[in-house]
1. Given the options P264, P219, name the one that is over 20 Å from the mean Cα position of the chain (by Cα) and assigned to a loop (DSSP other than H, G, I, E, B).
2. Quick one: in the stretch 111-130, of everything that is assigned to a loop (DSSP other than H, G, I, E, B) and not polar (S, T, N, Q), which residue is surrounded by the fewest Cβ atoms within 10 Å (Cβ to Cβ)?
3. Filter the stretch 83-106 for residues that are more than 25 Å from the chain's Cα centre (by Cα) and of a type in the set (S, T, N, Q); which is farthest from P126 (Cα to Cα)?
4. Go through the stretch 131-153 and report how many residues are of a type outside the set (S, T, N, Q), more than 30 Å from A234 (Cβ to Cβ) and either free of Cβ contacts under 8 Å to residues at least 40 places away in the same chain or surrounded by 14 or more Cβ atoms within 10 Å (Cβ to Cβ) (or both).
5. So which of T204, T251 ends up being assigned to a strand (DSSP E or B), outside the structural domain of T32 (by TED's automatic domain parsing) and crowded, with 17+ Cβ neighbours inside 10 Å?
6. Residue by residue through the stretch 245-258, note down the ones that are without any contact (Cβ under 8 Å) to a residue 60 or more places away in the chain and either closer than 20 Å to R202 by Cα or hydroxyl-bearing (S, T, Y) (or both).
7. Going by the conditions given, is S197 among the hydroxyl-bearing types (S, T, Y) and part of a helix (DSSP H, G or I)?
8. Out of everything in the stretch 277-301 that is in a loop (DSSP other than H, G, I, E, B) and small (G, A, S), what residue ends up being modelled with the lowest pLDDT?
Amino acid sequence: MALSENILSIFLNVDRTYLTGVRTGKKGLEITYINSTNNPIDIEILEDNFNQPGVYELQELLKNLPFQPDKLTMSLPAESLFVTQFPGQANINQTELKALINLELRHNFPQFDIKDFTCTLLQMNPKLNGDVNIVAVVVQKATYRACTEIVKNINLPIQKIEVSQLNAQNSLAYNYPEYSDKTIVLFGFQNNFIDISLISSRKTAYFHLRSYSSENDIPGICKEEIEKILFENAEVIDSVMAYGISLTQQTLKGIREALHEFIPEVIRLNAFRMTSTSLDLRDMQYCIRTAHIFPSCIGSTLPEYHERLKLF
């Protein structure tokens, strides 16, 4: 990363599109811009239908950016990508990995060929029994093309497109340096989906996506996940952090009550905790209210704490 650069981060979330401008420097991240659209962009139909209110809103915001970005990054929710995992094996090579992913893709997307996708791999920390799982994040090349098309007016390549939960993990690592050697469960709540990951000493040790029908289901699902993690992945969990558009005070209270016998603290993840800002008072107040919504945006501007392998 250069000594100082301006990064525009865009999160195509399910409720709307979120944008942040971040200036990097010796003193860390400075928030220089924050905004959002009123409407979402439907990623699944984006390549065939750019005629969406959310697209027009985003392009209008990009036309009127108050700064010139040096880099552009993007986050997508897990439900808009194909995220799968499988047991890792000692000495498995890339050819064997490609064959495993190809089988998954043929099963889930029989109408496509492997050349229609890109894939990166994340090897997780071992489970308590020593087994290791590998997470594969697969993106259709059509999604890349469509995302590139909607931001073409700023004349920058998209530096990376990443699943939102992994970017949120980056945000957690940056904003909570005192937790660098701790074991943390991160819950992300987005429109009837829960992203769940376990981070141990900044390394991913568990990764899962759950759905729910009602807000009342959330505490019970969180308890199930914690019990599973404590049985398979970690002897102790130091903290639970939560974020996302569907996180409410009532939900947070319910999670605390459900987990009180397992976890010493359950807190709202603050994406701006260790950042500085040059924003005006109105935007600063907006940041305070929405600090739990922007972890993926902020994390997208940071170097990855998790090692990745680009498979194809």
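1. When all the criteria are applied, what remains is P264.
2. It comes out as G130.
3. Among those residues, the one meeting the criterion is T95.
4. So the answer is 8.
5. T204
6. Hits for the stretch 245-258 are S246, T248.
7. no
8. If we take residues in the stretch 277-301 being in a loop (DSSP other than H, G, I, E, B) and small (G, A, S), then S278 is modelled with the lowest pLDDT.
The values are calculated or read from the model by the stated rules, or taken from the named source; none is laboratory data. These numbers come from a predicted model, not from an experiment. Glycine gets a Cβ as well: all are built from the backbone with ideal geometry, and neighbour counts include every protein chain shown.
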